[in-house]
Amino acid sequence: MKQFFTLRNAIAALMLSMLFTSCSSKDVTAPLSNNVSAPVSYSDANIGINNFQASEVSNQELQVSFSLLYANNVTSIQVLSGSSPNQLCSFYQVNVPGNLTSATSYSVNDTNIKGSTMYFMIKFTLSDGNWGYTPVYSLQVKQ
């Protein structure tokens with residue numbers, strides 16, 4: 001019987017895991033929406049997001065904030081950013097307690113400004129392993 005678990009397989013699995021969790025291209029084409037210097041909202045059957053916006057803290061840092069109004073069977077949310085709407089990297093992740101019925105505010109700073117136009121998206125993971133996402137929003141960065 002051939003042994004499946006070998007050091008070589010374990011290293012390969014670890015490398016693939018790091019590749020997919022650090023920064024990867026989106027598997028889908030998310031709709032591109034308006035500039036997030038003005039607050040925007042998003043909702044579907046699983047999640048309600050209000051006041052999603054990004055603002056410049058300095059020429060090296062952006063603050064992304066939003067309120068989670070409700071969540072149905074959501075286990076985590078991630079905020080992704082990038083210099084292209086087709087290449088977004090997760091820079092913040094938080095676990096959500098499954099069902100959320102009262103508003104919870106989040107604010108996180110992105111210290112990895114990648115260009116004069118930044119793109120943001122929120123990805124959410126459901127308890128059954130499926131996931132969803134908001135449209136991709138753009139922000140013009142002063143430089």
**Message:** Name the residue that is surrounded by the most Cβ atoms within 10 Å (Cβ to Cβ), counting only residues in segment 112-130 that are of a type in the set (S, T, Y) and within 26 Å of L69 (Cα to Cα).
**Reply:** Y119
**Fill in**
Within segment 56-86, residues in contact (Cβ under 8 Å) with a residue 60 or more places away in the chain and either in contact with a Pro (Cβ under 8 Å, 6 or more places away or on another chain) or surrounded by fewer than 14 Cβ atoms within 10 Å (Cβ to Cβ) (or both) come out as N59, N86
**Prompt:** Do we find that S76 is under 23 Å from N50 (Cβ atoms), assigned to a loop (DSSP other than H, G, I, E, B) and not aromatic (F, W, Y) in this structure?
**Reply:** no
**Among (1) within 17 Å of V141 (Cβ to Cβ); (2) out of contact with any Gly (no Cβ under 6 Å at 6 or more places or on another chain), the one test that W131 misses** = (1)
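Rule-based calculations on the coordinates, nothing more; no lab input. Remember, it's a predicted structure, so these values are computed and weren't measured experimentally. No Cβ is skipped: glycine too gets one built from the backbone with ideal geometry, and neighbour counts run over all protein chains shown.
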